[in-house]
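Data block below; observations after.
The values are calculated or read from the model by the stated rules, or taken from the named source; none is laboratory data. Note that the structure is a prediction, hence the values are computed from the model and not measured. Cβ coordinates were reconstructed from backbone atoms using ideal geometry, including for glycine residues, and neighbour counts include every protein chain displayed.
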Amino acid sequence: MSLTLRTISREQHLAYIQSLPSASHMQVPAWADVKAEWRSESLGWFDDRSGELVGAGLVLYRQLPKIKRYLAYLPEGPVINWYAPNLNDWLEPMLAHLKEQGAFSVKMGPPVIIRRWDAPSIKKGIQDTDVKRLRDIEPDFIEPRAFEVADKLRRMGWQQGEDGGAGFGDVQPRYVFQVPLANRSLDDVHKNFNQLWRRNIKKAEKAGVEVVQGSYQDLEEWQRLYEITAVRDRFRPRPLSYFQRMWTALNAEDPNRMRLYFARKDGVNLSAATMLIVGGHVWYSYGASDNAGREFRPSNAMQWRMLRDAYALGATVYDLRGISDSLDESDHLFGLIQFKVGTGGQAAEYLGEWDFPLNKLLHKALDIYMSRR
């Protein structure tokens, strides 16, 4: 296939995304409006024979202080045929174009899964004192073609980013936890929950916890719970304006792109979560909870409701997003994987993020700056 790359309109970009079974929520055109501090551009790859649009990518440009040079970032993208034998014919024109736009470095996140581990395998690994990380466990699924993609990228000069490394604070998780929904019944999904999850869902029901959808007006209440969570878990919260912008931008593009959920008891909100939807892929995006009422297990009840709603939408996967690869119980992130494993889903490892230094001096300077920050 002979390809031509050029800038495309948001309408062309969105139509292409809508033609696919799914794509990352960070590769829809409206994500550019969410990331308002970045300049953005939609790129399209066209088949020269048919003239058909066969790939797309949302590029975010972040300017270096004081000079007109940019980091070009394609979060969880671009959306192309990553297994194409001529991968360089897709990526080399992109690099040339981004260089013309003033980029000194390019960062991208191929949406290619390399390994999967089923929940029983992870549970077994947690019980094994010799196992410290997911990689220490034999995977239940390996994608051989993903290794070929990695080899091709290295040969082209791409460099693999550090796990969880910094990139203006927007680096995406390499390890995620997903509940597959395709060709399964809801009863099967529920039976796959571990005993604690099933017991907690029942406990929430008996306690009278109800789960409801919220609206734009409820984002202030979301923010209250989110900031309580930030203090408890020691992270810097995003401002309310970020979630208001996310809601407005994403739902203007598709009225069902973003949802807000609350789990409440006796009219008091105990936990909340945001959900994102692109085609058959549904993400649990952000979560929050009060310090009070946790004994009523509102978070389990809310996840079960969100998962059922994802199923009703025809989703093929419910994505609980990032986990650490650490299975060490003393690790502060261990609780995250322990909670998500209870859903009976799968841990998945992506190829991770890759960098291409178009200007090696500036790229190195950025690395030093970010590591010090």
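Among the listed residues 34, 54, which satisfies the condition of being touching an Asp or Glu at 6+ places or on another chain (Cβ under 7 Å), in the same structural domain as residue 361 (by TED's automatic domain parsing) and either closer than 30 Å to residue 317 by Cα or buried (at least 16 other Cβ atoms within 10 Å of the Cβ) (or both)? After applying the criteria, what remains is 54. Among the residues of the stretch 232-264, those that are in contact (Cβ under 8 Å) with a residue 60 or more places away in the chain, surrounded by 12 or more Cβ atoms within 10 Å (Cβ to Cβ) and either among the aliphatic types (A, V, I, L, M) or within 24 Å of residue 304 (Cβ to Cβ) (or both) comprise 246, 249, 250, 257.
Of the helices (runs of 4 or more DSSP H) that lie entirely inside the stretch 7-102, those containing 1 or more residues that are more than 21 Å from the chain's Cα centre (by Cα) and closer than 26 Å to residue 349 by Cα span 87-100.
The set of residues in the stretch 66-121 that are hydrophobic (A, V, I, L, M, F, W, C) and touching a Ser or Thr at 6+ places or on another chain (Cβ under 8 Å) comprises 71, 72, 79, 119.
Only residues that are in a helix (DSSP H, G or I) and out of contact with any Asp or Glu (no Cβ under 7 Å at 6 or more places or on another chain) were counted in the stretch 333-362, giving 10.
As for the stretch 260-270, it holds at least one residue that is touching a Phe, Trp or Tyr at 6+ places or on another chain (Cβ under 7 Å), closer than 30 Å to residue 9 by Cα and either modelled with pLDDT of 95 or more or part of a helix (DSSP H, G or I) (or both).
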